[in-house]
Amino acid sequence: MNQGKICVSICGETAHEALGRFERAGPIADVIEIRFDCLRTEEKGRLLGHLGALGKQILLTFRPLEQGGRRHLTMQERVEFWQTALPRLDGVSFLIDREFDLDLPFELDPNHAIVSRHNFEGHDWEFPPGCLAVANTLKLAITVEDATEALSAWQLLDDASVRGAIPIAMGEAGKWTRILGLAHGAPMTYASLGGGDETAPGQISAEDLRDVFRVKQLDKNTSVFGVIAGDTSYSLSPYMHNASFKQERMNSVFVPLQVRDLVEFMRRMVKQETREVELNFGGFSVTNPHKQRIMAHLDGLDETAQKIGAVNTVMIEDGKLYGYNTDAPGFIGPLKKSFGDLVNARVAVIGAGGAARACVYALQQEGAEVTVLVREPSKAATFAEEFHVAVEQLTTDHQPLATDILVNATPLGTRGEGEDETIATAEELREVQLVYDLVYNPGETRLLREAKTAGAKTLGGLDMLVAQGAEQFLIWTGEEAPVDVMKAAVTARLK
């Protein structure tokens with residue numbers, strides 16, 4: 001448990017629109033930020049007239065475009081706004097966000113002020129001398145593309161001269177700072193009213209911060225787990241694992257960790273002897289493109305991970321990192337349930353990455369006849385040698401695939417830019433009995449739709465996600481996972 005607050009940031013072009021969003025935010029917010037820079041010029045005064053009746057602590061912000069605001073504002077316009085607004089705040093519980101470059105010609109109680117700085121290019125920053133004299137709280141927001149880059153903002157929490165520090169790393173890669181900030185002493189974290197209402201990149205909805213990540217219940221003793229991925233925006237693992245932690249009443253949280261540079265992440269954030277921050281990591285889920293790369297950073301591997309040559313689960317114990325692979329059992333269980341006995345079944349696995357390695361290993365254990373299909377067979381020569389499996393070229397000649405089961409072990413079809421792409425069409429699938437797509441977001445990919453058109457049975461990645469996640473939960477906690485709760489959380493999010 002911590003003393004931090006969730007601040008919901010709202011934006012509207014009219015006073016009526018802003019007040020409607022204020023009313024919606026009321027039940028879930030401790031503080032509501034009203035972005036006056038979103039309002040039309042004639043609407044600012046109308047909204048100021050309603051503030052006394054709103055009954056919530058209000059954060060007033062009038063931000064210029066160059067610092068993330070919605071419009072260009074001259075220094076004179078900014079000063080005149082505060083000269084007009086402040087006399088109208090009698091009886092209102094309020095804070096104001098005064099940007100680091102704003103020089104007001106009058107004094108303001110530091111208890112009512114936050115000095116903010118938004119840096120959208122680069123990670124270097126500083127606050128001019130005197131900021132601590134005019135505000136009790138400093139807010140720093142930087143844009144990052146890698147979780148490790150957020151450390152430059154996080155360091156503000158370690159500045160003993162700052163009474164209240166709010167470090168925010170904007171973008172998908174910075175979400176961990178929004179989730180863990182309150183646990184480490186930040187007085188406030190910012191949230192959106194809901195999906196599509198974000199006022200800054202990477203904002204998480206207030207409901208998710210409160211109910212999924214339980215940010216107000218976290219503290220420095222909370223065990224932190226996370227998914228390490230090149231792109232975490234599509235991952236449903238946080239919803240699945242946080243639901244299980246909540247169900248079992250564990251002081252644990254699962255966060256997205258978008259990592260491009262794995263070496264730097266392990267060195268600066270994980271390894272006991274070199275890390276620059278203590279986040280109390282307990283373990284990780286690992287996915288594309290790091291399932292093989294992570295192995296170089298581990299102190300030990302279980303037998304399955306060693307044979308597969310890929311790791312999707314890391315457990316941290318007494319400062320040591322141990323790797324496991326739960327993809328293999330997570331993959332094969334749903335397939336056997338749907339298809340039946342796999343002995344001598346012809347299975348074509350598309351891809352040669354970490355997920356494909358787990359699939360091939362599990363299929364061979366069941367006695368299936370496995371062929372790996374890739375676009376460039378020469379790049380999969382080592383794969384073929386390790387698993388003693390045939391590797392063939394994935395063609396685009398639209399000829400029917402001669403296989404009983406087709407497995408897509410690539411990210412193609414994942415929600416995003418390539419969502420409408422497929423590795424095979426209905427014409428190519430007309431002789432296939434079952435198509436298994438490991439992609440789970442969206443719940444039904446284009447490949448699965450093509451398979452249905454061809455008359456094949458289909459199996460999506462949701463069941464595998466939950467099955468391998470349950471194995472991860474057992475590794476991390478030593479307890480059986482609440483599988484039904486995990487599946488319900490993922491299903492609800494997909495809908």
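The values are calculated or read from the model by the stated rules, or taken from the named source; none is laboratory data. This one's a predicted model, so the numbers in the text were calculated from it and none came from an experiment. Positions of Cβ are backbone-derived with ideal geometry, glycine not excepted, and every protein chain shown enters the neighbour counts. Accessible surface is based on the protein model in full, side chains and every heavy atom, while ligands, DNA and RNA are left aside. Shrake-Rupley method; radii C 1.70, N 1.55, O 1.52, S 1.80 Å.
The conditions are (1) within 20 Å of L335 (Cα to Cα); (2) touching a residue at least 24 places away in the same chain (Cβ under 8 Å), and V370 fails exactly one of them. Which is it?
(2)
For segment 87-96, does any single residue satisfy the condition of being within 33 Å of the chain's Cα centre (by Cα), open to solvent by less than 10 Å² (accessible area, probe 1.4 Å) and touching a residue at least 40 places away in the same chain (Cβ under 8 Å)?
Taking every residue of segment 87-96 in turn, none turns out to be within 33 Å of the chain's Cα centre (by Cα), open to solvent by less than 10 Å² (accessible area, probe 1.4 Å) and touching a residue at least 40 places away in the same chain (Cβ under 8 Å).
Can you tell which of R63, R70, R46 is modelled with pLDDT under 95 and either touching a His at 6+ places or on another chain (Cβ under 9 Å) or surrounded by fewer than 13 Cβ atoms within 10 Å (Cβ to Cβ) (or both)?
Just one listed residue meets the conditions, R46.
Can you say whether N221 is in contact (Cβ under 8 Å) with a residue 12 or more places away in the chain and in a helix (DSSP H, G or I), as far as the supplied structure shows?
Values: in contact (Cβ under 8 Å) with a residue 12 or more places away in the chain: yes; in a helix (DSSP H, G or I): no.
For N221, the condition - in contact (Cβ under 8 Å) with a residue 12 or more places away in the chain and in a helix (DSSP H, G or I) - is not met.
One line per residue, one yes/no per condition, for (1) in contact with a helix residue (DSSP H, G or I) (Cβ under 8 Å, 6 or more places away or on another chain); (2) over 21 Å from V8 (Cβ atoms):
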site: S93; (1), (2): no, no
site: I96; (1), (2): yes, no
site: F100; (1), (2): yes, yes
site: D109; (1), (2): no, yes
site: A113; (1), (2): yes, no
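Within the group P334, P256, P238, which residue is under 30 Å from A169 (Cα atoms), touching a residue at least 60 places away in the same chain (Cβ under 8 Å) and either not acidic (D, E) or not in a helix (DSSP H, G or I) (or both)?
After ruling out the rest, the residue left standing is P256.
Can you list the helices (runs of 4 or more DSSP H) found entirely within segment 105-213 that contain at least 2 residues being within 17 Å of the chain's Cα centre (by Cα) and crowded, with 18+ Cβ neighbours inside 10 Å? So that I can check it myself, show each step before the final result.
Values: elements: 131-134, 151-154, 175-180.
Per the criteria, 175-180.
Could you check how many residues of segment 331-375 are within 16 Å of L465 (Cα to Cα) and β-branched (V, I, T)?
Here the count works out to 1.
I want to confirm something. Restricting to segment 386-400 and keeping residues that are among the hydrophobic types (A, V, I, L, M, F, W, C) and assigned to a loop (DSSP other than H, G, I, E, B), which single residue is farthest from E376 (Cα to Cα)? I'd like the intermediate steps shown before the answer.
Step one: of segment 386-400, the residues among the hydrophobic types (A, V, I, L, M, F, W, C) are 387, 389-391, 394.
Retained after the next criterion (residues that are assigned to a loop (DSSP other than H, G, I, E, B)): 389, 394.
Working: V389: 15, L394: 8 Å.
It comes out as V389.
Return the residue satisfying two criteria in turn: it lies in segment 464-488 and is of a type in the set (V, I, T) and either touching a helix residue (DSSP H, G or I) at 6+ places or on another chain (Cβ under 9 Å) or not in a helix (DSSP H, G or I) (or both), and of such residues it is surrounded by the most Cβ atoms within 10 Å (Cβ to Cβ). If you could, list the steps in order and put the result at the bottom.
We begin by selecting, within segment 464-488, every residue of a type in the set (V, I, T); these are 466, 475, 477, 483, 485.
From what is left, the residues that are either touching a helix residue (DSSP H, G or I) at 6+ places or on another chain (Cβ under 9 Å) or not in a helix (DSSP H, G or I) (or both) are 466, 477, 483, 485.
Details: V466: 25, T477: 18, V483: 15, V485: 16.
So the residue we want is V466.
Suppose the filter is in contact with a Gly (Cβ under 7 Å, 6 or more places away or on another chain), of a type in the set (K, R) and not in a strand (DSSP E or B); does R21 pass it?
On the way: in contact with a Gly (Cβ under 7 Å, 6 or more places away or on another chain): yes; of a type in the set (K, R): yes; not in a strand (DSSP E or B): yes.
The answer is yes for R21.
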